Amino acid sequence: MRFFWALIQAIANLAKPGLTALWNFGDAAWRTACSFIPFGGGSGTVMPPKKLDLPDINEAHEVKDVAQDQQIAADLMLSSPARVVQAWARASKSERDTIPLTKLSTDQIDWLEVRLSDDQIKILAAEKSEFKIEAALNGQEGAVFGVPSVPTVRKKSGPNLSDRIAEFRMNGIERPPVYALN
């Protein structure tokens, strides 16, 4: 009997490290799997909810109204080509890139950005009348004192009627006069 008991103890001593390793692996796997289940085990700590510093609802409405008023003012400020020119002239050189020049033609943009000097742009910025700036944009000379107007391309009109008649006669196409005999 002692022999069998010694044999069982020897087998248990040989199997102990393997069984211990298997037991430890199974236990670690079980704990890891249970830590993923939100209501199950796991050793995660629950953080208390943070108090959010939200603005007052009236303050949020006021900010929204101010932003809408600023957008309306910006839209009104850029509603006509003359107002766009005034806004562009009054802006600093770094702010000019933010002003859309979509209401101006390519000739007007060239006039504004390339042809005018800094002094002439200052004169445009100081001009109070939108009508004078509109006239300068349309090519009317002397509309704004000290600032040349947008150059206009004059269309060549066709020959008038007397020129056409003279050309017709010069080509020899005209028939000689017919004399009636009595």
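Roughly how many percent of the accessible protein surface of region 82-163 is carbon and sulfur, given a 1.4 Å probe and a whole-percent answer? Provide the component values of the computation, followed by the final result.
Numbers: 2840 of 5470 Å².
Summing carbon and sulfur atoms, their accessible area is 52 percent of the total for region 82-163.
Assuming a ≥ b ≥ c are the square roots of the Cα gyration tensor eigenvalues, decide whether region 59-124 counts as rounded (a/c under 1.5), prolate (otherwise, with a/b larger than b/c) or oblate.
Details: a/c = 3.17, a/b = 2.26, b/c = 1.41.
Prolate shape, in that a/c is at least 1.5 and a/b is the bigger ratio.
In what order, largest first, do K51, K103, K128 sit by accessible area if the probe radius is 1.4 Å?
Details: K51 195, K103 100, K128 170 Å².
Ranked from most to least accessible, the order is K51, K128, K103.
Between N160, I123, G139, whose Cα lies farthest towards the positive end of the dipole of region 58-169 when Lys and Arg beta carbons carry +1 and Asp and Glu beta carbons carry -1, centred on the Cα centre?
Farthest towards the positive end: N160.
With every protein chain kept in the model, how would you rank I57, I123 by accessible area, 1.4 Å probe, largest at the top?
Numbers: I57 105, I123 65 Å².
Descending order: I57, I123.
What does the C-alpha gyration tensor say about the overall shape of region 92-136? Classify as rounded when a/c is under 1.5, otherwise prolate if a/b is larger than b/c, or oblate. Mind showing how you got there, number by number?
Numbers: a/c = 1.40, a/b = 1.12, b/c = 1.26.
In terms of gyration-tensor shape, rounded.
Once amide H atoms are built 1.01 Å from N in the peptide plane, which residues 5 or more positions from V144, or in another chain, come under 5 Å H to H?
none
Got a sec? What order do D118, D53 fall in by accessible area at 1.4 Å, biggest, i.e. largest, first? Display every interim value, and only then the final one.
Numbers: D118 85, D53 150 Å².
From most exposed to least exposed: D53, D118.
For region 20-141, what Kirkwood radius comes out of the mean inverse Cα-Cα distance, in Å? Walk me through the numbers before you get to the answer.
Working: mean 1/r = 0.0491 Å⁻¹.
That comes to 20.3 Å for region 20-141.
The values are calculated or read from the model by the stated rules, or taken from the named source; none is laboratory data. Please read these numbers as outputs of a predicted model, since none were measured by experiment. So basically every Cβ, Gly included, is an ideal-geometry build from the backbone, and we count neighbours across all protein chains shown. Note: accessible area is taken over every heavy atom of the protein model, side chains too, but ligands, DNA and RNA are not part of it. Shrake-Rupley method; radii C 1.70, N 1.55, O 1.52, S 1.80 Å.
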